[in-house]
Amino acid sequence: MNYFYITGTSRGIGKAVAERLLANPDNKIFGISRTASISHPNYQHIQADLSDPESLKKIVFAAHPEAENIGLINNAGVLGPVTKIGNLHAEETHKAGMVNLTTPMLLINKFVHAYQEQRANKVVLSTSSGAARHTVESWSIYCATKAGIDMFSRVLQEEQNSRSRNNAFKVYAVAPGIVDTQMQTEIRSTSEEDFKDVNKFISFKENNLLVSPEEVAEKFEDILLHPANYPDVLMDLREV
């Protein structure tokens, strides 16, 4: 049996990944989000607001001694404030920091602690972004938090490299490309005053250049089940 914990399963990439994995009866999914949108005998919902530190107490990584594969997919994310530095709103900035970086780091910490000594194929996969690796004006918080999860993932893999292959984790921070999700809708609704490149993102939609969440889910599944084929921590799915 395989066990996968996925954040942000109410919609978008998280939901698509969960539904794809649920097509295999050997997979059991624990979905972590504020609302449940999946009904399946192998799906268990964990209601949590990832911007609220108290919600982390609800997330428990149970013992799965018979597991062949165990995975944590940190997918939930928010764009955060889209404006130039100097105009950032404190509450929006704090929320984005929690959802995109602090909560994923704490979940990874709990996940590693729970399964470090278990012999199984164990993967930590976090959804990153090209914005983690290239500056985007007015996206300072999104760029910074995604760059943070990239570095956290690299440090974790460095630590795991010194462990026995029998109980080490494989760690990934994966940029999925420009995906047709609610975040893209939010970007397109931004004013040109706040985000000078908004028209470029509008054209991505108009010209059908967005990747579907289902396409991303297919690639995520392959990484989760065949990590030996993916040696690099940082990946861009446009190049895979």
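For this structure, a couple of remarks:
- Evaluation of Ala131 against (1) under 22 Å from Glu221 (Cβ atoms); (2) in a helix (DSSP H, G or I) (one fails), failing number: (1)
- Strands (runs of 3 or more DSSP E) contained in region 1-120 and holding at least 3 residues among the aliphatic types (A, V, I, L, M) and crowded, with 17+ Cβ neighbours inside 10 Å: 69-74
- Here region 209-231 is the region considered, the condition is being in contact (Cβ under 8 Å) with a residue 24 or more places away in the chain and part of a loop (DSSP other than H, G, I, E, B), and the residue that is farthest from Phe169 (Cα to Cα) is Leu209.
- Exclusive hit being out of contact with any His (no Cβ under 8 Å at 6 or more places or on another chain), in contact (Cβ under 8 Å) with a residue 60 or more places away in the chain and among the small types (Gly, Ala, Ser), set Gly86, Gly97, Gly80, Gly148: Gly80
- Residue ID - nearest to Ala120 (Cα to Cα), chosen from residues in region 1-44 that are in contact (Cβ under 8 Å) with a residue 40 or more places away in the chain and among the basic types (Lys, Arg): Arg20
- Those residues of region 136-150 which are within 16 Å of Ile187 (Cβ to Cβ) and either assigned to a loop (DSSP other than H, G, I, E, B) or among the charged types (D, E, K, R) (or both), in sequence order: Val136, Glu137, Ser138, Trp139, Lys146
- Residue match in region 182-201 (condition: touching a Gly at 6+ places or on another chain (Cβ under 9 Å), in contact (Cβ under 8 Å) with a residue 60 or more places away in the chain and buried (at least 19 other Cβ atoms within 10 Å of the Cβ)): no
- On the stretch given as region 28-45, residues that are closer than 13 Å to Ile59 by Cα and of a type outside the set (Ser, Thr, Tyr) total 6.
- Unique residue being at pLDDT 95 or above and among the acidic types (Asp, Glu) when the list is Glu68, Glu54: Glu68
- Sole residue being of a type outside the set (A, V, I, L, M, F, W, C) and part of a helix (DSSP H, G or I), chosen from Ser153, Ser191, Ser162: Ser153
- Region 162-213 - residue that is β-branched (Val, Ile, Thr) and touching a Ser or Thr at 6+ places or on another chain (Cβ under 7 Å) and, of those, modelled with the lowest pLDDT: Val198
- Scanning region 211-233 for residues that are touching a helix residue (DSSP H, G or I) at 6+ places or on another chain (Cβ under 6 Å) and of a type in the set (A, V, I, L, M, F, W, C) yields a total of 4.
The values are calculated or read from the model by the stated rules, or taken from the named source; none is laboratory data. Since the structure is predicted, the reported quantities are computational estimates derived from the model, not experimental observations. A quick note on method: Cβ atoms are made from the backbone with ideal geometry, for glycine too, and the neighbour counts reach across all protein chains shown.
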